[in-house]
Amino acid sequence: MNKLLAMVCLGFLLTFQSTTKAQVLDSMMEVYANRYPQEKVHLQFDKGAYNKGETIWYKAYLMTGIDLSYISKNFYVDWYDGSGNLLMHTVAPLFQATASGSFDVPANYSGNKLEVRAYTRWMLNFDTAFLYHRNITVIQPQVKTSIAIPKTQVYLFPEGGNLVNGLNCRVAFKATNQFGNPVFIKGAIKNNKQELIDSFMAEHDGMGSFSVEPKAGETYQIYWMDENGQSGTTALPTALPNGATLSVQPAPDKAILFVERSANDDPLYKTMYLMAQMNQQLVYKSRINFSAKTSVVADLPTTELPTGILQVTLFNANWIPVAERIVFVNNDNYSFQPRVSFPTVNLSKRGKNTIEFFVSDTAFANMSVAVTDADVPVDDKHSIYTDFLLSDDIKGKVYNPAYYFSSNADSVVHHLDLVMMTNGWRRYNWADLAALKTPAIKYPPETNFLKIEGKVYGSNNLGGESSFLNVIVQGKDSSKQFLVLPIHRDGTFEQDGVFFYDTVKLFYMLNGKRSSNSGAVVSFTNGLYNLQPRHVSINSTLTNWSDSMALRRMQYFMDEQERLRKLMASATLKEVTVRAKVKSALQVLDEKYATGLFSGGDSYGFDVMDDPRANSALDIFTYLQGQVAGLQINMSGGTPSLTWRGSTPDLYLDESPAQPDMIQSLPITDVAYIKVFRPPFFGSVGGGSGGAIAIYTKRGNDGKKNYNANTPGLDNTILGGYTRFKQFFNPDYEKSTDAFGDDVRSTLYWNPFVLTNKKSPQVKLDFFNNDISKKLKVIIEGFNADGKLTHIEKVLE
C-alpha cells in the first residue's frame, strides 16, 4: 500500500503521549502493511445462472486495500459441486492485476448449484475465511425438490465485544435460517427473574438491535418468534464485572465515538487509548484521560478517508484491547464513470450492435463487458463495489450487499451499520503485534509465471561447473525449445520465465549422458500451487431465483439448445463433401514458432525467409518501416525508438524480452518470422499497452541446429501449464449468415479485456444479436490504475 491516509485527531481529547508499547504497535502495523498486504478478489461472471452444458466465463480483479495488487502472477479458481467435491482446479496468469477464464458446466450435471473459490497462493497464508467464494445457480427444470423445514438461528453481538455491568450497551442481533438467509423475528429481553427488560423487532434482513444495562448477579435471555411461528430463546453473553465500552454512530463526514468506563478506581481504565486503521493503514491514534470522568463523546472526522471499513479499537492503560468496532465510511470517492453509448442498436434477428466506451480519465483502465438476454437471471446482488468495499473485508454472508450501495438514505446507512455490528472482520491479533510476532509464511508470493524446476536424485558430483540438465521442451504444436539448466549442489534446478498453456513434453538428459544410464532420477514441477483433491465443507447458502419469468426464459434457452443438439445428433448425412482449407505460409510459421500468448492473436505476420525485401534491409527495424499502420520507427540518433498509439511496443527475441540495440544488431539473415501484435498485448508483463514485436530466429530445417526430441534413450515426462480456457465466440453475421446454424445463445457478447489509456481513451465494440432476444442487458465492470472502480448496467430494448 503506497497511498498515505490522513491522520485524524479528536480535537478535545488530550494530546497523544508516546509509550514503548504504542511504538511497538505502530511499527508492527507498518510491518504488517508493508510485508504482509492482504489481497482481495472480485469475479465478474457473464451472467447469474446457467443451464447444463453451458460455459461460464469470468474476469478476475485483484486489489490490496484501495490499490491494484501486483503481488501475484498466478490466479487459481476451484470449482466444486453442491456436495463439496472438486470438479476442476484451474490456474490463469495475471496481467495488470486481472485474469480471465472459463468453466464448462457438465452436460450431465445433476446439482442445482456450483461453488466457486478463487484465490492467489499468497492469500493462503492468512485467514481462509476471507478467500473469495460464490454460489452459482444451475437451472434444473422439471426437478421437484423437497422443501427443507426452516431452522432459525439467532446470534447476538454486544457492541464493542463485551457487556459490562452498570454500563448501557447496544446489542445487535441477526436471525438466519440454515442456509444463511435472513429471517424476520420479534421478541423480548428478560432477566433471570423473568422481568421484562425491553422488546425488539428485526429492522432489515433479520437484523436489529436493542439496549441493555446489565446488573451484577443478573443474566439475560431473549425470547423470540420467527416469521414461520417458530419460537426460541438465546442467551446474552455474561457481562464483565468492570471494564469499558465503545459505541460508534456513523454520521455525515464523521463517526461519533462514545467511550464509557466502570465507575471504580481501576488504574487500567484511568488512561485509555483509541486507535483506528483502514486497509492496514493507521489513520488515527489518541489518548483519553479518564482520571476525572467516566465517559467521553467525540467526533472522528472521516472526510479525508477513502470509502471502506474503518476499524476502531479501544485499549486500556497497558495497551491491551478491551473493545473493538468497525464502521463503514462512504465518501463516494471510489468510482470512475466511463461514458458508454450505443451508436448502433439493432435487436432484430442477428442484428449488429455497437458499444462505444470513452474514459476521460488519463489513468489506464481495465474493464470487462457482458451482454446477455435481458430476461435471463443476472447476479444483481453482487458487484465490484460490493466485493472490494464490503464483502471481501468481513466474515460471514452479507445478504444482498448491492442494497447498501443503492442509496445514501439514512435508513440504508443505518442498515449497513447493522451489518458492521453482526459480521466478523479482519482482526489484528494485538497480542502477536505486541510480542513482535509476524505471520508464518508457508506460501511465498508468486512473482513469476510458470517455472521448470525440480531436483536430480541419485547422482554424484552435482553442483560443479559441468553439472547441467539438458532439456528439450516440446509443445503440443510440435514447437521445441532447448534449455540448459545449471544444477545446484543440492540437486535442484529451475528456469523462470516459462509460459505455456495445457501441457508440454520434456525430453532431458544429464551432463550429456543418457539419464537412463546414469542412475539418476529427475523430478519436474511447474512451480504452481498444486491443490490436492479433497472434499470440502460447502457454504449451503444459495440464491433462490424467485423471478418466474427469468426461470421460464432459462428453460426456453435450455429447451432450444437441447432441441438443436438432438437435431444435429439424429441428422443423416446422405452425401458428405470434405473441403480442407490449406494453411497459409504465415499460419504454418505461426504454428511452428509461436507458443502460449504469442500464438495467434491480433497481429501482423512477416515471412522474412521468403520475403525479397529482407535482402535489401539493413536490419530488422528498417525492414519493418512502413509495413505496419500506426507503428512509428525513428532511426535517427543511432538507437531506434518505437511508438504505437502513444506507447512503446515491447520487443521479444524468441519470446524472451529484448532491447532495441540487441534486435538491431541481429543479422536479418538469421530471422525466420516476425509478428507485430496490435495494442494491447497481454503477453507483456506490463499489459502491453504499446503492443509488441516478436522476432523468431531460424531453427530446425531452417538452417539452425536441430535438437531432436526423438533421439533414442532420452527420458521424458509431461509437465502441465496454465489451464486452457475457451475463447468466447462472437459470430460475424455481416460476412455470412448461412455459415451458422440456429443462434440461441443467452450470452450475446463477452469481452474480458476492454482497455483504455490517455492515448487511446475510446474503444468501439461490435456484436450481433441471436435469433430470439428482443431485449438485452449490458453490464460493465472494471478498475483503473488509481484503484477507482466502475459498475454500469444498461438495457437495450
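The values are calculated or read from the model by the stated rules, or taken from the named source; none is laboratory data. None of the values given here were measured: they were computed from a predicted structure. When we count neighbours, we look across all protein chains shown, and the Cβ atoms used for this are built from the backbone with ideal geometry, even at glycine.
Structure values in brief
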{"quantity": "Answer from 86, 68 - the residue that is among the hydrophobic types (A, V, I, L, M, F, W, C) and either closer than 21 Å to residue 309 by Cα or under 15 Å from the mean Cα position of the chain (by Cα) (or both)", "calculated": "68"}
{"quantity": "Scope region 198-220; condition assigned to a strand (DSSP E or B) and in contact with a Lys or Arg (Cβ under 6 Å, 6 or more places away or on another chain); matching residues", "calculated": "201, 207, 209, 211"}
{"quantity": "Residue check for residue 711: at pLDDT below 95 and within 24 Å of the chain's Cα centre (by Cα)", "calculated": "no"}
{"quantity": "Yes/no for residue 343 being touching a Gly at 6+ places or on another chain (Cβ under 7 Å) and over 29 Å from residue 39 (Cβ atoms)", "calculated": "no"}
{"quantity": "Residues that are among the β-branched types (Val, Ile, Thr) and in a strand (DSSP E or B), drawn from region 317-329", "calculated": "322, 326, 327, 329"}
{"quantity": "Which numbered condition residue 127 misses (of (1) at pLDDT 95 or above; (2) under 26 Å from residue 425 (Cβ atoms))", "calculated": "(1)"}
{"quantity": "Condition broken by residue 409, with the remaining ones in (1) closer than 21 Å to residue 779 by Cβ; (2) without any contact (Cβ under 8 Å) to a residue 60 or more places away in the chain satisfied", "calculated": "(1)"}
{"quantity": "Selection from region 26-73 of residues that are crowded, with 22+ Cβ neighbours inside 10 Å, part of a loop (DSSP other than H, G, I, E, B) and among the hydrophobic types (A, V, I, L, M, F, W, C)", "calculated": "66"}
{"quantity": "Criterion (part of a loop (DSSP other than H, G, I, E, B), touching a strand residue (DSSP E or B) at 6+ places or on another chain (Cβ under 8 Å), in contact (Cβ under 8 Å) with a residue 24 or more places away in the chain and buried (at least 19 other Cβ atoms within 10 Å of the Cβ)) met by exactly one of 305, 300, 310, 314", "calculated": "305"}
{"quantity": "Residue satisfying all of: in region 230-262; small (Gly, Ala, Ser) and within 20 Å of residue 165 (Cβ to Cβ); surrounded by the fewest Cβ atoms within 10 Å (Cβ to Cβ) among these", "calculated": "235"}
{"quantity": "Residues (in a loop (DSSP other than H, G, I, E, B), farther than 18 Å from residue 715 by Cβ and either in contact with a Lys or Arg (Cβ under 6 Å, 6 or more places away or on another chain) or among the hydroxyl-bearing types (Ser, Thr, Tyr) (or both)) located in region 470-494", "calculated": "478, 479"}
{"quantity": "Selection status of residue 194, in a loop (DSSP other than H, G, I, E, B), of a type in the set (S, T, N, Q), without any contact (Cβ under 8 Å) to a residue 12 or more places away in the chain and surrounded by fewer than 19 Cβ atoms within 10 Å (Cβ to Cβ)", "calculated": "yes"}
{"quantity": "Some residue of region 727-741 being closer than 30 Å to residue 483 by Cβ, outside the structural domain of residue 613 (by TED's automatic domain parsing) and either surrounded by 21 or more Cβ atoms within 10 Å (Cβ to Cβ) or modelled with pLDDT under 90 (or both)", "calculated": "yes"}
{"quantity": "Residue check for residue 187: at pLDDT 95 or above, within 30 Å of residue 332 (Cβ to Cβ) and in contact with a strand residue (DSSP E or B) (Cβ under 7 Å, 6 or more places away or on another chain)", "calculated": "no"}
{"quantity": "From the options 246, 268, residue that is part of a strand (DSSP E or B) and either touching an Asp or Glu at 6+ places or on another chain (Cβ under 8 Å) or within 24 Å of residue 24 (Cβ to Cβ) (or both)", "calculated": "246"}
{"quantity": "Matching option when the condition is at pLDDT 85 or above, in contact with an Asp or Glu (Cβ under 8 Å, 6 or more places away or on another chain) and either outside the structural domain of residue 501 (by TED's automatic domain parsing) or of a type in the set (Lys, Arg) (or both), among 633, 693", "calculated": "693"}
{"quantity": "Count of residues meeting criterion [buried (at least 21 other Cβ atoms within 10 Å of the Cβ) and in contact with an Asp or Glu (Cβ under 9 Å, 6 or more places away or on another chain)] in region 386-397", "calculated": "0"}
{"quantity": "Yes/no for residue 773 being buried (at least 22 other Cβ atoms within 10 Å of the Cβ) and assigned to a loop (DSSP other than H, G, I, E, B)", "calculated": "yes"}
{"quantity": "Unmet requirement for residue 124, which otherwise passes all of (1) surrounded by 20 or more Cβ atoms within 10 Å (Cβ to Cβ); (2) in contact (Cβ under 8 Å) with a residue 60 or more places away in the chain; (3) not β-branched (Val, Ile, Thr)", "calculated": "(1)"}
{"quantity": "Residue under evaluation residue 767, criteria (1) more than 20 Å from residue 98 (Cβ to Cβ); (2) in a loop (DSSP other than H, G, I, E, B); (3) of a type in the set (Phe, Trp, Tyr), criterion not met", "calculated": "(2)"}
{"quantity": "From 507, 524, 493, 468, residue being of a type outside the set (A, V, I, L, M), over 25 Å from residue 72 (Cα atoms) and at pLDDT 90 or above", "calculated": "507"}
